[in-house]
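The values are calculated or read from the model by the stated rules, or taken from the named source; none is laboratory data. Source: prediction; values computed, not measured. Neighbour counts run over all protein chains shown; Cβ positions are idealised from the backbone, glycine included. Remember, those area values only see protein heavy atoms, side chains included, never the ligands or the DNA or RNA. Shrake-Rupley method; radii C 1.70, N 1.55, O 1.52, S 1.80 Å.
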Amino acid sequence: MSGDRGLRPSRTARMVSLLPLPLRRRAEALPGAMAPPVRPGQSTPRVAIIGTGFGGLGVAARLRQAGIDTFTVFEKADAVGGTWRDNSYPGAACDVPSHLYSLSFVPNPAWTRKFPTQPEIRRYLDSIPARTGIADRIEFGAEVRSLRYDDDAKTWQVTVLRGDGPDAAETTETFDAVVAATGQLNRPHIPDIEGLDSFDGPVFHSARWDHDVDLTGRHVGVVGIGASAIQFVPAIAESAASLTLFQRSANYVAPKADAPLSPRARRLLRVEALRKAYRFSIWARFEARFMALRDGSTLNRMGQNLFDKGLAKAVGPKLTPEMVVPDYALGCKRILIANDWYPTLMRPDVTVVPGGVQKVEPGAVVVDGVSHPVDTLIFGTGFESTGFLMPMTVTGRHGVDLQESWAEGAEAHLGITVSGFPNLFVLYGPNTNLGHNSIVFMLERQISYALTCIRSLVSDPRPLDVRPGAQAASNRRLERRLATTVWATACHSWYKTESGRITNNWSGTTSDYWRRTWRPRWTDFDRV
Ligand code: NAP
């Protein structure tokens, strides 16, 4: 793979370092991408990074590239990869095209398909530490339990749990800044269903797939049919004796324009300029799709008509409207893509049971008083998506508890900084998820923003705390805009809290986010 020599300072950074001092100072005020490497001998902030998904690996690589080596990456598991390590279910794949689904500064010319599969993404993520020279900074088996800001020392006390069982031990270490890259989808949600404990067969969640359970010949019940289930259900349908799908809501499922990349295309995509142009073209095409997520927009209406016509064709003797026609507006929940979903539903050994699960019994799931026999239960019920940074306890200035201040729903300034929590940077934080483009693109904007803030600590070590007014203003704007999107229409989704507040999604295009995070506005911050 190209680039195995480790991540060097960017060309721009090297050019900036050659500028005369006054110009260099100006350039240093620009975003992280422009920041020159820290000069030898300069003292650099100690940074704790939590998590090794795209965000954690990306920020570590960029810190090292910027000449800041004083960081430690804490990873509670024994391998990197975040959600792509945890979600190893059969058929796992991404619905964003491969060439957009990688860090721009760690390119992957080796993608084999238009849309990447989980094993391929995992291989890419596994390669990043060695390629970027950060492998020696990652500590595996180290779970961050709490973060406490010390008002006097102006540092973060990071408590880390290492080891299992009786050997488990906690230590507290001191850092100047923390980057929390734990993501929005890292804690599986298993609903509290009456009688679940009494079920006498294997039970597991899609994000903790039990590969020791051979599904061959088993009667499998699947609770929850969303983005994950529409991938693993077709993948296990052949081996299971029967599949019973307990589906509370139907989905909008569009075709997936997937195929292997031809040898010629792969050869061409090894050329950097072509790869960048291709990546840009995917991003621009996906960016336009945001218009369909505006409630009442022409594109949304056109999309809705198209889906309505297609779904009407899927309805027939086997599939009732209740089984395939969503009862909410297009886009309110994530629009899914798959080519094998409807063919799988048409199989004689696959049954869709609409409605909520009433209870579980030994060997059966009960819906509307009817008992459906199954011997294995798989939950595709998603994640605890609105509990950002949980289960860590995070205590900011003057002993303020983060989860208490987020009791009405998580919020941050541009999804990255939270007032009262100086030098804490959140990646894929509140209101940074998308329904139309690549999260990796968003992560890169956040990484760049955090990097600029962290770099500023080299010359001015006073911690940066976003002003409450700046955070409130950016959230007022966000909420105004979110109110015009389809996510605000009537549906239950993982983008919202129980009370209906949208805490997970960004309110506009990724270019809008790019513009807003292009560089930190220093007047938004206090030095505390
Ligand atoms: P999900 O899309 O949120 O689906 C969860 C499903 O569980 C929904 O059908 C939900 O029903 C159902 N459910 C929840 N609680 C239930 C209960 N008590 N009883 C019955 N059903 C219940 O979760 P997911 O499939 O794990 O996907 C989550 C997100 O992960 C996706 O939206 C996506 O962002 C990401 N993901 C991405 C990819 C990719 O291709 N990039 C693949 C997989 C996942 P209701 O709809 O009625 O609430």
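Somewhere in region 72-87, is a residue under 24 Å from A235 (Cβ atoms), in contact with a Gly (Cβ under 8 Å, 6 or more places away or on another chain) and polar (S, T, N, Q)? Yes - at least one qualifying residue is present in region 72-87. The numbered conditions (1) part of a loop (DSSP other than H, G, I, E, B); (2) touching a helix residue (DSSP H, G or I) at 6+ places or on another chain (Cβ under 7 Å); (3) within 30 Å of V486 (Cα to Cα); (4) away from the ligand (no atom under 12 Å from the Cβ) are all true for A257 except (2). Cβ-Cβ distances below 7 Å connect the following pairs, each with a first residue in region 220-237 that is within 14 Å of Q118 (Cβ to Cβ) and modelled with pLDDT of 95 or more, a second residue that is open to solvent by 20 Å² or more (accessible area, probe 1.4 Å) and more than 12 Å from the ligand (Cβ to nearest atom), and a separation of six or more residues or different chains: F232/P90; A235/P90. Considering the conditions (1) over 27 Å from I282 (Cα atoms); (2) touching a Ser or Thr at 6+ places or on another chain (Cβ under 9 Å), S456 is excluded by exactly one of them, (2). So, G296, is that one loosely packed, with under 12 Cβ neighbours inside 10 Å, touching a Ser or Thr at 6+ places or on another chain (Cβ under 9 Å), closer than 27 Å to A490 by Cβ and not acidic (D, E) or not? Against the criterion (loosely packed, with under 12 Cβ neighbours inside 10 Å, touching a Ser or Thr at 6+ places or on another chain (Cβ under 9 Å), closer than 27 Å to A490 by Cβ and not acidic (D, E)), G296 qualifies. Looking across region 332-371, the residues that are assigned to a strand (DSSP E or B), away from the ligand (no atom under 13 Å from the Cβ) and either surrounded by fewer than 16 Cβ atoms within 10 Å (Cβ to Cβ) or touching a residue at least 60 places away in the same chain (Cβ under 8 Å) (or both) come down to V350, T351, E361, V370, S371. Among the residues of region 478-495, none qualifies, meaning not one is farther than 19 Å from F290 by Cβ, in contact (Cβ under 8 Å) with a residue 60 or more places away in the chain and more than 16 Å from the ligand (Cβ to nearest atom).
Residue-by-condition table, conditions (1) among the small types (G, A, S); (2) away from the ligand (no atom under 16 Å from the Cβ):
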residue	(1), (2)
R162	no, yes
E173	no, yes
D176	no, yes
R187	no, no
G195	yes, no
G201	yes, yes
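Looking across region 162-179, the residues that are at pLDDT 95 or above and either under 27 Å from the mean Cα position of the chain (by Cα) or charged (D, E, K, R) (or both) come down to R162, E170, E173, F175, D176, A177, V178, V179.
Output the residue which, of all residues in region 373-384 that are within 15 Å of A240 (Cβ to Cβ) and surrounded by 17 or more Cβ atoms within 10 Å (Cβ to Cβ), is nearest to the ligand (Cβ to nearest atom). Ranking the qualifying residues of region 373-384, first place goes to G380.
Across region 496-520, what is the total count of residues that are surrounded by 15 or more Cβ atoms within 10 Å (Cβ to Cβ), within 16 Å of the ligand (Cβ to nearest atom), within 28 Å of T381 (Cβ to Cβ) and of a type outside the set (A, V, I, L, M, F, W, C)? The total comes to 5.
Out of D152, D69, D136, one residue alone is open to solvent by 20 Å² or more (accessible area, probe 1.4 Å), outside any loop (DSSP other than H, G, I, E, B) and over 30 Å from P260 (Cα atoms). It is D136.
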